[in-house]
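No lab work stands behind these numbers, since they all come straight from the coordinates. Nothing here was measured: the structure is a model prediction, and the numbers come from that model. Note: ideal-geometry Cβ built from the backbone for every residue, glycine included; neighbour counts use all protein chains shown.
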Ligand code: SAM
């Protein structure tokens, strides 16, 4: 019989944030696959669990996926954990999960802590619709594209950020988005847990030298929504927005004309004259 892969969420700071089910699964599996075995060993020692560990991180994902699939096919049950929070969310996991699905191996999530969900619910910012974009890319062009995506998203946006990159990120956000409302959630579930609220400019002042783990929650662009979502976009930005959503050129031109309440030939002329 095939084994099962359990994706087990672990605490993001406070060790009490692990579920009874997660503890039972960690006790019952044959093997634990961990992002950093030394890190996970500390949690297992705290829980008084002794289990064989195998490392599974970004740099050995392909190789270790084959090894783990082989073990699952032999009938072993495996728990996948990352250093903190939910595996697969800005953490390794995707490769082994896809491989299991391809091989008909059951993948079972064991829910628990995730920094972005907890930052969002404590932020006080609209939770009805949101987009989680992980870490902003460092590559200049890709970063600009993501920043424009945030500018045009008419929903709350969640980012992860490292403290030493926070200042540069807030400056970039201010340049592209203007002075939007933001909440910085820091050290969630830990001793120095803190929520810093304000406009991007205010946050630039309030967060100098800030340390620890950080999530940024960015409010949607209310002004644009209440007024006219598309008036703020250039025609090119408007075009790119639909292109990213997978629309073809003809459809995009129609959509832009409708959004702006103008004749579609006008829009067509603009794009062929370029
Ligand atoms: N898998 C994790 C999860 O479920 O949230 C995320 C892993 S990602 C490599 C690490 C990033 O998550 C950190 O740089 C920070 O942005 C965020 N993070 C993790 N723990 C956090 C905490 N206790 N407080 C605030 N942010 C946290």
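Taking every DSSP bridge with both residues inside segment 4-113, close to 5 percent are antiparallel.
For segment 116-218, averaging the sequence separation of C-alpha pairs within contact (under 8 Å, six or more residues apart) and dividing by the residue count gives a relative contact order of 33 percent. In this simple spin-label model, placing a label point 7 Å from the Cα along the Cα-to-Cβ direction at both residue 206 and residue 132 gives a separation of 2.4 nm. Of the peptides 212-220, 185-193, the order by per-residue mean of other Cβ atoms within 10 Å, starting with the highest, comes out as 212-220, 185-193. What FRET efficiency comes out for the pair residue 23/residue 263, r = Cβ-Cβ distance, R0 = 51 Å, nearest 0.05? Efficiency, rounded to the nearest 0.05: 0.20. If the segment from residue 232 to residue 162 were pulled out straight at 0.36 nm per residue, it would be longer than the present Cα-Cα gap by 22.2 nm. For the chain, DSSP calls about 45 percent of its internal beta bridges antiparallel. Note on residue 271 and residue 175: the model spin-label points, each 7 Å out from Cα along the C-beta direction, lie 2.9 nm apart. Spatial offset of segment 131-162 relative to segment 28-69 amounts to 31 Å, using the alpha carbon center of each. When only Cα pairs below 8 angstrom with a gap of at least 6 residues are kept, segment 4-113 shows a relative contact order of 47 percent.
A simple packing score, the average count of other Cβ atoms within 10 Å per residue, orders the peptides 30-37, 153-160, 53-60 as 30-37, 153-160, 53-60, with the highest score first. Averaging the sequence gap over all C-alpha pairs within less than 8 Å and six or more residues apart, then dividing by the number of residues, gives the chain a relative contact order of 17 percent.
Peptides 259-266, 120-127 ordered by packing proxy, namely the average of other Cβ atoms within 10 Å per residue, highest first: 120-127, 259-266.
Taking 7 Å steps out from each Cα toward its Cβ at residue 46 and residue 144 produces label points 4.4 nm apart.
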